[in-house]
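The values are calculated or read from the model by the stated rules, or taken from the named source; none is laboratory data. Not measured: the values here are computed from a predicted model. All Cβ positions, glycine included, derive from the backbone under ideal geometry; neighbour counts span all protein chains shown.
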Amino acid sequence: MKADALPLIRPARDDDSGGLIALIDACFQEYPGCVTDVDGEMPELYRIASYAEKRSGRFWIAERHDVVVGCVGIVPATGDAAGTELLKLYVNSGERGVGLGRALIGLVEDEARNRSAAFIELWTDTRFTDAHRLYEHLGYVRSPFTRDLDDKSNTTEYHYRKAL
C-alpha cells in the first residue's frame, strides 16, 4: 500500500544505523546476487552522519512511524572540485512511486546548488533499473563509463551526471 503523504525527511544521525542497514538490506534483497556485507564493504553505515561530515557532506533519512524508509547523501566529487556526488539513494519498495526518491534527490540538488557545484554525479548498480529510470527522468545522463567494485555482490555500476 502506497502512502498518501511523504514521510518525514531529516538530517541523519549516527544512531540511525539499524534502520539504515535494514533499509539497504531490504533493497538489496530485491535483486538476485546483491549481498549486504556491512562489516566488510559498508562500515560507514554504522556512523553515517559522522561519515558524511568527515567527507564534507550531508546525509538525510526519511522515516515513517520511526521506521527508516529512505535515504540519500551528498559529498564533494572525487577528483573534481567543481562537482558533487550523490550517495546511497535507497527507498523502501512500499514508498516508491509517490515522490520520495524525487524529494531526496531534490535535497541533494539544492545542497549542490548551495555549494555552487557545476554538476552532480552518481554511480548506480546496473541491476537497479527503477533508479535508472528516475535519474534519467530528472535529467541525469548515463555516461559510457562503468566500474566494477569487486565486491561480494559482483557489482558493476553505471555512471550518471547532471549539469546544474
Cβ pairs under 7 Å, 6+ apart or interchain, first in the stretch 98-116 and over 16 Å from Glu136 (Cα atoms) and in contact (Cβ under 8 Å) with a residue 40 or more places away in the chain, second crowded, with 20+ Cβ neighbours inside 10 Å and of a type in the set (S, T, N, Q), ordered by first then second residue, are Ala112/Thr84
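Residues checked against (1) touching a helix residue (DSSP H, G or I) at 6+ places or on another chain (Cβ under 6 Å); (2) under 20 Å from Cys34 (Cα atoms); (3) not basic (Lys, Arg):
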position	(1), (2), (3)
Glu121	no, no, yes
Asp125	no, yes, yes
Asp130	no, yes, yes
His137	no, no, yes
Ser143	no, no, yes
Thr146	no, yes, yes
Asp151	yes, yes, yes
The one condition Ala3 fails out of (1) modelled with pLDDT of 95 or more; (2) under 24 Å from Asp130 (Cβ atoms) is (1)
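Taking helices (runs of 4 or more DSSP H) that fall entirely within the stretch 1-109, which contain at least 1 residues that are under 13 Å from the mean Cα position of the chain (by Cα) and among the polar types (S, T, N, Q)?
none
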Can you find a residue in the stretch 125-141 that is part of a strand (DSSP E or B) and in contact with an Asp or Glu (Cβ under 8 Å, 6 or more places away or on another chain)? yes
